[in-house]
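Inspection log for the structure reproduced underneath, given as structure tokens.
Each value in this text was obtained by applying a stated rule to the coordinates, not by laboratory testing. Remember, predicted model here, so these are calculated numbers, not experimental data. Neighbour counts run over all protein chains shown; Cβ positions are idealised from the backbone, glycine included.
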């Protein structure tokens, strides 16, 4: 069986991090799949999908680490060509990735106790984002 659905979110940009775990759990339940996988993806070169312990301290640490790796005020060839000021967001998205696959066993996501699924919008303005969720299994 294959079941597909979207999660729609309004984001603020600048490393806006949203916990979408409960949305994914509801989609897995609606799919009727008992054992399989769920794949999430976002068609955006300035966003990412990953997992993290979604707590304030770690979120702050994560943002700080990304600022070291790809600073917002860095100098990017992309910005010189397109003049849109979001070169940092493309780099961050590429490093984190735009998709994630998680096992489903006995109708439940196989995630750790403190592991949540997050959508991150790195762009330099607010956006409407659509996360594509597809559940495969039996």
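From the list 14, 6, the lone residue that is surrounded by fewer than 17 Cβ atoms within 10 Å (Cβ to Cβ) and out of contact with any strand residue (DSSP E or B) (no Cβ under 6 Å at 6 or more places or on another chain) is 14. Taken across the stretch 65-79, residues that are crowded, with 19+ Cβ neighbours inside 10 Å and out of contact with any helix residue (DSSP H, G or I) (no Cβ under 6 Å at 6 or more places or on another chain) do not occur at all.
A quick yes/no check of all residues on (1) outside any helix (DSSP H, G or I); (2) closer than 16 Å to residue 17 by Cα:
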{"site": "63", "(1), (2)": "no, yes"}
{"site": "66", "(1), (2)": "no, yes"}
{"site": "71", "(1), (2)": "yes, no"}
{"site": "74", "(1), (2)": "yes, no"}
{"site": "78", "(1), (2)": "no, no"}
{"site": "81", "(1), (2)": "no, no"}
{"site": "85", "(1), (2)": "yes, no"}
{"site": "95", "(1), (2)": "no, yes"}
{"site": "101", "(1), (2)": "yes, no"}
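In the list 32, 85, 97, which residue meets the criterion of being in contact with a helix residue (DSSP H, G or I) (Cβ under 8 Å, 6 or more places away or on another chain), surrounded by fewer than 17 Cβ atoms within 10 Å (Cβ to Cβ) and in contact (Cβ under 8 Å) with a residue 12 or more places away in the chain? None of the others qualify; the one that does is 85. Summed over the stretch 117-133, residues that are surrounded by fewer than 19 Cβ atoms within 10 Å (Cβ to Cβ) and in contact with a helix residue (DSSP H, G or I) (Cβ under 9 Å, 6 or more places away or on another chain) total 1.
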